[in-house]
Amino acid sequence: MEYKVTRQGRLPACRLSESMLREVWTVFHADEGLKWEAVIGVGGDLLGKDQQRPQQTVTEWDKLISLLRSLPRLDALTITFEVPDRGALAIAFKNYPPVGGSIVAAGHEAAWVEARMAAVMAIVNRHGEPFTTRLYSQLGFSVIQTAIPLTAAFIFIVVAAGLVIPREIRQSDEYLWWITAATVVATLRLAYTFSDRLIMAALRRYPYIRWADKTE
């Protein structure tokens with residue numbers, strides 16, 4: 001169905017729980033004929049390199065909560081709400097690069113779209129994790145993915161070259177170009193390895209979405 005009004009925005013990192021999801025459901029409690037569907041990513045690829053990512057589609061509340069509780073890690077989550085003749089809203093989170101969360105709402109009336117989008121965003125913000133959100137911002141993630149790995153790799157290669165390559169060869173004009181080219185290639189390759197490991201460590205320690213402890 002084609003809607004006249006569309007709004008979209010970003011969602012912060014957050015901790016999911018049964019009570020939090022029930023809050024989201026209450027946003028639509030007055031809308032008759034509500035339909036919903038959840039798609040849960042259950043893969044284990046932290047780096048987002050797999051083209052085909054395993055997922056499960058759920059349309060029953062108890063099954064949704066049970067699955068979210070049982071998974072050791074959420075790969076991704078998308079929940080779509082649709083009210084016939086009114087509009088639809090979807091929230092989506094990714095726990096692999098590009099890490100993040102988003103919300104899209106569409107409908108025939110701007111008031112309906114904006115009210116439900118604002119209500120859902122307010123709920124997610126209350127359960128948000130500011131540090132994790134900043135960590136996966138464009139600046140924060142570039143530090144993890146590029147700045148730290150390149151700096152670490154550069155220092156390692158420079159020190160290693162100084163220890164392994166004799167001083168006479170390092171100062172020789174004949175070998176300067178070869179040494180420079182080799183160190184650049186080695187630095188980039190090592191930085192790539194450091195980057196992958198740092199991203200995986202960050203995602204394990206600070207996932208963008210995670211299920212809250214059962215005691216909460």
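Observations
- Extension gain, residue 31 to residue 204, is 58.5 nm, computed as 0.36 nm per intervening residue step minus the present C-alpha separation.
- Restricting region 46-119 to GluC sites (Glu not before Pro) in coil, as DSSP defines it, with at most 15 other Cβ within 10 Å: 60, 109
- Range in the chain, longest, excluding exposed trypsin sites (Lys or Arg not before Pro) [loop by DSSP; at most 14 other beta-carbon atoms within 10 Å]: 50-213
- 20 Å Cα-Cα reach of residue 49 towards aspartates and glutamates, excluding residues that sit fewer than 8 places from it in its own chain: 75, 196
- Spatial separation of Cα centroids for region 76-95 and region 1-56, in angstrom: 5 Å
- Helices that extend 27 Å or more along their long axis by alpha-carbon positions and average at least -0.5 on the Kyte-Doolittle scale are, among the DSSP H runs of the chain, 173-205.
- With each label modelled as a point 7 angstrom along the Cα→C-beta vector, the residue 126-residue 193 pair spans 4.9 nm.
- Stretchable slack from residue 60 to residue 177, in nm (0.36 nm times residue separation minus alpha-carbon distance): 35.7 nm
Any read-out appearing in this document is the output of simple, stated calculations on the displayed coordinates, not a laboratory observation. Nothing here was measured: the structure is a model prediction, and the numbers come from that model. Neighbour counts run over all protein chains shown; Cβ positions are idealised from the backbone, glycine included.
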